[in-house]
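First comes the structure, then the notes that go with it.
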Amino acid sequence: MMLNGADPIADALGALAAPPPTGLADKVFTAWLAAPSRLGEVFVAFTGHGVQFVRPAETLHGDIDAFAESYRDRFGRPLRPAARAPSGLLPTLRGRPATSLRLDLRGLSEFERDVLTATRRIPAGETRPYGWVAREAGRPRAVRAAGSVLARNPMPLLVPCHRVVRADGRLGDYMFGSAHKEKLLRDERVDLDEVVALARQGVHYLGSDTTGVVCFPTCHNARRIDPAHRHGFRSVGAAVAAGYRPCRTCRPAADATSA
Amino acid sequence: MVDECDEPVVDEAQEHLRRALIADLDAGFADVVRAHEQVVYSVALRLSSLPADAEDLAAEAFLRAYRALRGYDAQRIQGLRLRPWLLTILRNAARNAARDASRRPGPPPAFEPAEELSAGPGVEQRVEQDHVQRELGMALGRLPETQRMAVVLRHVVGLPTSEVAEVLGCPDGTAKSHISRGLQRLRALLAERRPALLDGRTDR
């Protein structure tokens, strides 16, 4: 078979070759960078769809290769250094959440996505129990499963799993140790001592007799209640029986119990 | 287009890429993508109905290749012929995509807006050339998969017959006959609509 320019079909076929689009390599490679955060320096991996993976350098002994290896094991994609940080990442890591920050949740199960999305809605300075996350994710009975998803949270700090605590008022585990969890929450001005003291008296919800609304104790609406009008409840059911309605902001479950 | 006489140069470049992969998989893979993205994308374009699908398909093929490489030791990488290996992965990815697509209802037909052309010399030739290319692309799309793959690999991206055979998984002689039968069928398809394109071909 000769290709000598005299075969117009072969020539025309050769002209069908096309330069690749400039974004092709971006669809293959994930970018990584190191950035300061509330957990010290963190390594961050992100694609064109958003941030995919965050790990504190401390937990990897500052070894970027260890980060790369755990990223590849989990996502199976090659890494290359980032030219710059994606929009909203740096302020969010320092504790000032930016709405422009996008997360890449592809490759996660629907339940994992729902758990992370619900957790992301917990405001700074507030906590919610694991049961709340499970319910917000649409599977109220999957409390343990929700906990397992958060224990593997690909994006700590960006998805604030440190704000999810046990229903009995104790902090519960954190992927990088409960000491870090406590420090993050205290930095956000969560009054952990009060939460524990209330729980010891069997109080898991606070209501205001002026508004008739019942909240989680850390909800910003609960923190505004004048002590003279504040009432503690063991369960939302007890509060509802006393004529209170669940807060629309922190959404305590109407059927929740103190356990 | 790669002629047979370029092969030693290609071999040297490929050897360089294999060494880079063994030294540092991710950095080496960036070199592999850079060296092959044009060939992989050009073939993907002929296996997809839309350019955006071609980009996704090419990216998917590279990711599959990367995942395979993670499990290969240095000796296995040393023995790889990267270009035909990547194109084999691309072909399998395209077959999977086609199978998945046949299970789902198809998307609405693509609407491709006509490119705006400014008046001036050469415009007529460009319009004519665009027509020819579209016509040719459609005719290629009507070839049986193996013949289309053979013609695309040999004549669109200029692979030597030995690499075409490697991608098709058949002996060189069989690859040659897929290529020539594919070309024959292309000529027949075009003869009805584009007789001018066939003028001046070297016939045997």
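The values are calculated or read from the model by the stated rules, or taken from the named source; none is laboratory data. Since we're looking at a predicted model, the values are computed, not measured. Here the Cβ is made from the backbone with ideal geometry for all residues, glycine too, and neighbour counts use every protein chain on show. Remember, those area values only see protein heavy atoms, side chains included, never the ligands or the DNA or RNA. Shrake-Rupley method; radii C 1.70, N 1.55, O 1.52, S 1.80 Å.
Brief remarks follow.
- Hits in the stretch A:125-141 (condition: of a type in the set (Asp, Glu) and either open to solvent by 50 Å² or more (accessible area, probe 1.4 Å) or not in a loop (DSSP other than H, G, I, E, B) (or both)): A:Glu136
- Within the stretch B:44-62, not a single residue is within 21 Å of A:Trp32 (Cβ to Cβ), among the acidic types (Asp, Glu), part of a helix (DSSP H, G or I) and more than 9 Å from chain A (Cβ to nearest Cβ).
- Listing of strands (runs of 3 or more DSSP E) fully contained in the stretch A:181-242 that carry 2 or more residues being open to solvent by 40 Å² or more (accessible area, probe 1.4 Å): A:230-233
- Within the stretch A:142-170, being surrounded by fewer than 19 Cβ atoms within 10 Å (Cβ to Cβ) and part of a loop (DSSP other than H, G, I, E, B) holds for A:Arg152, A:Arg166, A:Ala167, A:Asp168, A:Arg170.
- Residue within the stretch B:35-43 that is facing chain A (nearest Cβ under 9 Å), surrounded by fewer than 20 Cβ atoms within 10 Å (Cβ to Cβ) and in a helix (DSSP H, G or I) present: yes
- Residue among A:Arg152, A:Arg139 that alone is basic (Lys, Arg), outside the structural domain of A:Ala228 (by TED's automatic domain parsing) and within 14 Å of the chain's Cα centre (by Cα): A:Arg152
- Residues of the stretch B:136-162 that are open to solvent by less than 30 Å² (accessible area, probe 1.4 Å), assigned to a helix (DSSP H, G or I) and over 12 Å from B:Arg185 (Cβ atoms): B:Leu136, B:Gly137, B:Met149, B:Val152, B:Leu153, B:Arg154, B:His155, B:Val156, B:Thr161.
- Filter result for B:Arg67 (facing another protein chain (nearest Cβ under 9 Å), open to solvent by 30 Å² or more (accessible area, probe 1.4 Å) and either outside any helix (DSSP H, G or I) or at pLDDT below 95 (or both)): no
- Cβ-Cβ contacts under 8 Å between residues 6 or more apart (or on different chains), taken from a first residue in the stretch A:234-250 that is without any contact (Cβ under 8 Å) to a residue 24 or more places away in the chain to a second residue that is of a type in the set (Ser, Thr, Tyr), are listed as A:Gly237/A:Thr257.
- Among the residues making up the stretch A:19-54, those that are free of Cβ contacts under 8 Å to residues at least 24 places away in the same chain and either closer than 20 Å to A:Asp73 by Cβ or surrounded by fewer than 16 Cβ atoms within 10 Å (Cβ to Cβ) (or both) are A:Pro19, A:Thr22, A:Asp26, A:Gly40, A:Glu41.
- Residue in the stretch B:17-24 that is under 24 Å from B:Leu136 (Cβ atoms) and within 12 Å of chain A (Cβ to nearest Cβ) present: no
- Comparison of A:Asp7, A:Asp11 shows that the only residue that is buried (at least 17 other Cβ atoms within 10 Å of the Cβ), of a type in the set (Asp, Glu) and within 14 Å of chain B (Cβ to nearest Cβ) is A:Asp7.
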